[in-house]
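First comes the structure, then the notes that go with it.
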Amino acid sequence: MKQFSHQSDIFELSKIRRRTVLAVVLILFSMLFSRALYLQQIQKEFLQSKGDGFSVRKEVLHSYRGKIYDRNNKLLAVSSPTYDVGISIKDNPDLPKIKEIAKLLDINEQELINKIKKKDKGFIYIKRSISPEKAKKLTDLKLTGLNLEKKYRRFYPNRESAAHIVGKTNIDGVGNEGLEKLWDKTLTGEIGHKKVLVDGGKRIIDDLQDFKLPINGSDIHTTIDSRLQHTAFEALKKYIERYEALAGSAILMDAKTGEIIAMTNYPSYNPNSSITNLDAMRNRAVTDTFEPGSTLKPISVAYAMERKKVKTNEIIHTNNGLLKVGRTFIRDDHPEDELTIKDVIKTSSNVGASIIGTRLEPKELWGVYDKLGFGKKVNIGLPGETNGRLSNFSLWRETDHSRMPYGYGVSVNLLQLTQAYSIFANEGLIVHPRIYMTQDSVFGEKVLSPNVSNEMKTYMRAVVEEDGGTGFRARIPGYSVAGKTGTARKVVNGEYSREYVASFIGMAPSTNPKFIMAVMIDNPKKDSYYGGTVAGPVFKEVMKEALKLYDVPYDKQLNENLLDIKMDAAYEDSRL
Amino acid sequence: MMKLNILLFIVLIVFCLLKVNTEHLYRKNFSILDSEQKREIELKEEKTKLELENTDQSGNNRIEEFAKKKLEMVEPNQNNIIQLEGQ
């Protein structure tokens, strides 16, 4: 037996063999190396993309559009997932399953089959916006080519009533009306993405650290009360239809904080539907201006009282309801020779208001209107808000000066008018309306002294509560109401026409107002066009509900109103 | 020396197996985490949907429709309303 002197001797080979093995190994290594070089460098991108195609997926991370809430955290707008159902047509369709799909989606079986047969190849949509539950049932059918595309659809539970405030989004989810438009960027947020590794079963198995997190849209909390928003809309609709008017708006505001509780318009539109009518989509309460007419009388008269241009016990000689100014005449509907200031407001005397108002210099009268925000935006944060029109006092002629105190020659939107009336509910301080919930304190600029403000409130109370007042239709059992009616002629093609704007603005309970409400009805044509008759009842219906909902204590005896109600028939139209 | 090499080789094999096993567990858990995250989104969406349904079902429109059509309620005539004072 051969003895080995060293362990390495076991592997001792002849020189030739050793060199051959070494050469083969070297050749093999160089082949491997060149192949590796080829794959790693020359074919790198192609192979990487091929490989990634099987195992790497880019996922979109959805951002959720913010919700819009009312003051009680009830939803006004929300996005919820829906699915669009489509089918890719390649081979012969699986008819029994198609029939099942038709049954599930409540669509005509034969129509669907014809639709599929008509198109040999390609993709067709079967139904859009189906619920996630139905989508799951469809997935369970496991039909080849069935495609379910997830989308987020915007829903508006309040439909027509809050449409003008909330607005709507278009088919791509971009806000194009109301708050949806104004806060589109804030509500939308930003979508994100991530790169993930998937296995053969398409399950995500790893995160490739290449991602951007989505930023969800912020929610918006409004001051709207959807219950009263609905009440206001229904009441407005009822009286606009009753008097065959063109359109109308109503605003209910918290008298102390300026929070808008309801702001509604008619005609309106359903934001859940894709049908659009541009005329019905306007938020008339902030976009449309009108000459307010008699509703400005309390302001001009109160300011004359403030500037001591008239005494509270003064008798105004109204010359049997006729006043000549330049070449024009100012007339009263209920001519009287003498009126107290209270009667000027209660019977809505144009002559009386003009006599008192013109005792103020044009600059003074313009000054108070300017302080109340006429001619400039309230800046409440709603799209389409208009300035209204208040020309500079230096441009006023004599007739302008005489008409301004009773609300002609100046145009305002309903929101501006509501803001102006806050001086009577807050002892002379103006409170700015707001539509977003904030913790900010409310500051009001002083316009009138508390005495004058309260005195005028007493006169306005007579408009509604006393016999002969023009606003008796706004009486509410158990509560005292202070308000003012307005019936102003509309300017059509530069001239005053026989068309009217009927309005009513008031507050309740008058002893300590909780709410201010303004109603404007454009061009009522049937039976009456007076503010007290057409707009007064809208105020009553909504204010009654608001006071009840917010547990506002009664400030007068309940039963005293029973007599008034029975006297309704005895009254003619409440004028002006 | 040979024994040490064999030992190190076995240790290497064991660690390789552990690494493969850990990677497998990681991927399995990641997959579960991903599906749970998807489930979380689904539940959030479900919550929003229920919130929406709640708002819709308790909405004024539905209550009014229900009162008028099913319960056949009507607004009382003004003359039939008697206001009662609290005691």
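Rule-based calculations on the coordinates, nothing more; no lab input. None of these values were measured; they are calculated from a predicted model. Using ideal geometry, Cβ is built from the backbone for each residue, glycine included, and neighbour counts are taken over all protein chains shown.
Convex hull volume per residue, computed on the Cα atoms of segment A:116-241, equals 212 Å³. As a rough footprinting exposure proxy, the listed residues A:Val174, A:Val24, A:Val56, A:Val412 were ranked by other beta carbons within 10 Å of their own, and the order from fewest upward is A:Val24, A:Val174, A:Val56, A:Val412. How large is the Rg to Rh ratio of segment A:477-556 when both quantities use alpha carbon positions and Rh follows Kirkwood? With Rh from the inverse mean 1/r over Cα pairs, Rg/Rh is 1.10. Can you give the angle from 0 to 90° between the axis of helix B:2-57 and the longest principal axis of chain B, with both taken from C-alpha atoms, to the nearest 10? Approximately 10 degrees, to the nearest ten. Where the alpha-carbon atoms of segment A:343-399 are placed on the principal axes, they occupy 39, 29, 17 Å, in descending order. Each listed q (0.11, 0.17 Å⁻¹) maps to a log10 I(q)/I(0) for segment A:427-563 from the Debye sum over equal C-alpha point scatterers, namely -0.47, -0.99. With the convex hull constructed from alpha-carbon coordinates only, the protein assembly as shown shows a mean projected area of 52.1 nm² over all directions. Relative to the globular-protein estimate of 2.2 N^0.38 Å, the Cα radius of gyration of segment A:155-220 stands at 1.64.
Restriction of the trypsin sites (Lys or Arg not before Pro) in segment A:125-228 to DSSP coil positions whose beta-carbon has at most 15 other beta-carbons within 10 angstrom yields A:Lys142, A:Lys202. Per-residue Cβ neighbour counts within 10 Å put B:Glu40, A:Glu234 in the sequence B:Glu40, A:Glu234, beginning with the fewest.
The protection proxy used here, the mean number of other Cβ atoms lying within 10 Å of each residue, ranks peptides A:516-526, A:270-280, A:480-490 as follows, highest first: A:480-490, A:516-526, A:270-280. Split chain A at each of the chymotrypsin sites (Phe, Trp or Tyr not before Pro) in a DSSP loop with at most 16 other beta carbon atoms within 10 Å, and the longest piece is A:5-442.
Considering only Cα atoms, the convex hull volume of chain B works out to 170 Å³ per residue. Calculate the FRET efficiency for A:Lys103 and B:Arg39 from the Cβ-Cβ distance with a Förster distance of 41 Å, rounded to the nearest 0.05. With R0 = 41 Å, the Cβ-Cβ based efficiency is 0.90. Shielding value for B:42-53 is 4, the average number of Cβ atoms from other chains within 10 Å of each residue's Cβ. Sequence-ordered 3J(HN,Hα) estimates for segment A:321-326 from the Karplus curve with 6.51, -1.76 and 1.60 and θ = phi - 60° stand at x, 9, 9, 9, 10, x Hz, glycine and proline given as x.
Taking every Cα-Cα distance in segment A:34-103 and sorting them into 5 Å bins starting at zero, the pair-distance distribution P(r) comes out as 3, 9, 9, 9, 8, 8, 12, 11, 10, 8, 6, 3, 2, 1, 0 percent.
This ranking places A:Ser449, A:Ser30 by how few other beta-carbon atoms lie within 10 Å of each, fewest first, which gives A:Ser30, A:Ser449. The string of couplings for segment A:281-289 from the Karplus curve (6.51, -1.76, 1.60, θ = phi - 60°) is 8, 7, 7, 4, 4, 10, 9, 8, 10 Hz, one whole number per residue in order, with x for Gly and Pro. Charged side chains reduced to their Cβ positions (Lys and Arg at +1, Asp and Glu at -1) give the protein assembly as shown a dipole of some 3500 debye around its Cα centre.
In sequence order, segment A:188-205 has phi-based couplings of 6, x, 9, 6, x, 7, 8, 9, 10, 9, 10, 8, x, x, 6, 7, 6, 10 Hz under the Karplus curve 6.51 cos²θ - 1.76 cosθ + 1.60, θ = phi - 60°, and Gly or Pro positions carry x. Would you please give the residues with an amide H less than 5 Å from that of A:His221, counting only those at least 5 places away or on a separate chain, with H modeled from the backbone geometry? HN-HN under 5 Å from A:His221: A:Tyr69, A:Met437.
Charges were assigned to the Cβ only: +1 to each Lys and Arg, -1 to each Asp and Glu. The resulting dipole of segment A:71-138 about its Cα centre is roughly 220 debye. For segment A:167-269, the spread of Cα coordinates along the three principal axes comes to 70, 33, 21 Å, biggest extent given first.
Over segment A:304-445, the fraction of Cα-Cα pairs per 5 Å bin, rounded to whole percents and listed from the shortest bin up, is 2, 9, 17, 18, 20, 15, 10, 6, 3, 1, 0. Extent of segment A:255-322 along its three principal axes (Cα atoms, max minus min coordinate, largest first): 60, 35, 14 Å.
Derived from the Cα gyration tensor, the three semi-axes of the equivalent ellipsoid of segment A:398-481 are 24, 21, 14 Å, largest first.
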